[in-house]
Amino acid sequence: MTDEIRLAFAHPSERAAAMDPARPVRDRLSLRDHVVEIEIGAFQAERGASQRIRFNVVVEVRPHPAPLDDDVDRVLSYDAITEAIAAELSSERLNLLETLAERIATRLLGEPQAMRVFVRIEKLDRGPGALGVEIVRDRPADAPKLVLPVDEMAEPSHHPVVVFLSNAAIQAPDLPRWLDRLEQGPHPVVLCVGPSDTPAPRSAISPAQRRIDLLAIEQNAWVLAGRDDRCVVRGSRTEIDWAMKHGQVSVWAPSKIVLDSVESPSVSPRDALALAHWFARGLEAARIVAIGSEPKVAGIEHLAIDGAAACL
């Protein structure tokens, strides 16, 4: 095990040369020299005082069975490693690095792509050098396998408030106040918009027109982003999930999710409110609100611009 741990942090060429030819080839995701200051340790001198802890983590992942197509939603995110560390550090005060390493490894092996995890944790302030522990853990044999096709709309981790903003609402002076109210609520926030009032170009080819209409929505999403720094345009489910976990506002850019979806929406991008409703259902939204939008759609709360602040 010691040699395997050494090779986990060695140069990839060294690891490749030493790898058992019978072992399947795996890709590696790594976090190096991640330092966090926390309270940890069993000795009395370590209680009530923070010390620097350094993390080095390598996750071996199975190759994706379909082409990646440069798609962030088809790979294990680097954030999975830092989030696993942060989650275990925030759960309770621990005495042992061994316990912390075991919990981080277990959490990471819960990811569908993860097959083996190497965790090295070191205390940097307890002696002349770095004192630490290194472990390697394999994925349990009965763990679920990675299943394809990947559904963009599957298994949402949060239940957001999805708010559709009309063009008048995007320009409304009350927009910052609406965002203040939404951020104070219990749910993450995802904003949706339609195209601007300027007509989009027309094409006689249906797939081309669909892309033009989606891009027209995304152009207006960037207009909204320019109205308030909290409005960050995001196009992938991975980005939106990350933002929801971290309490950040997202403005949905629909092209990627609509075009990549296994179950494409039956509505046209020209009906932007209905498209937002489709997306909100996929997110299992806790609430769907439209501000200043007509005509009304069943299943969506419609708020007038003048009274929106009181109802959000």
Hits in the stretch 125-142 (condition: hydrophobic (A, V, I, L, M, F, W, C), touching a strand residue (DSSP E or B) at 6+ places or on another chain (Cβ under 9 Å) and not in a strand (DSSP E or B)): Ala130
Residue list for the stretch 188-216, restricted to those being assigned to a helix (DSSP H, G or I) and among the basic types (Lys, Arg): Arg210, Arg211
Considering only the stretch 102-123, I want to know if a residue exists there that is more than 21 Å from the chain's Cα centre (by Cα), in a helix (DSSP H, G or I), modelled with pLDDT of 85 or more and among the aromatic types (Phe, Trp, Tyr). no
Yes or no: the stretch 229-242 includes at least one residue that is over 18 Å from Leu175 (Cβ atoms), out of contact with any helix residue (DSSP H, G or I) (no Cβ under 8 Å at 6 or more places or on another chain) and surrounded by fewer than 16 Cβ atoms within 10 Å (Cβ to Cβ). no
Out of the residues in the stretch 202-221 that are more than 19 Å from Pro265 (Cα to Cα) and in contact (Cβ under 8 Å) with a residue 12 or more places away in the chain, which is surrounded by the most Cβ atoms within 10 Å (Cβ to Cβ)? Ala221
Give me a count of the residues in the stretch 83-113 that are touching a Lys or Arg at 6+ places or on another chain (Cβ under 9 Å) and of a type in the set (D, E, K, R). 4
Cβ pairs under 8 Å, 6+ apart or interchain, first in the stretch 43-54 and closer than 16 Å to Ala130 by Cα, second exposed (fewer than 10 other Cβ atoms within 10 Å of the Cβ), ordered by first then second residue, are Arg54/Asp33
Give just the number: which of (1) over 22 Å from Val289 (Cβ atoms); (2) part of a loop (DSSP other than H, G, I, E, B); (3) at pLDDT 95 or above does Gln219 not satisfy? (2)
Would you confirm, using the coordinates I've provided, whether Ala154 is of a type outside the set (S, T, N, Q), at pLDDT below 85, under 25 Å from the mean Cα position of the chain (by Cα) and closer than 24 Å to Leu31 by Cα? no
Where the second residue is part of a helix (DSSP H, G or I) and of a type in the set (Gly, Ala, Ser) and the first is surrounded by fewer than 22 Cβ atoms within 10 Å (Cβ to Cβ) and lies in the stretch 259-285, which pairs have Cβ atoms under 7 Å and are six or more apart or on separate chains? Val267/Ala274
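The values are calculated or read from the model by the stated rules, or taken from the named source; none is laboratory data. Please read these numbers as outputs of a predicted model, since none were measured by experiment. Backbone-built Cβ (ideal geometry, glycine too); neighbour counts: all protein chains shown.
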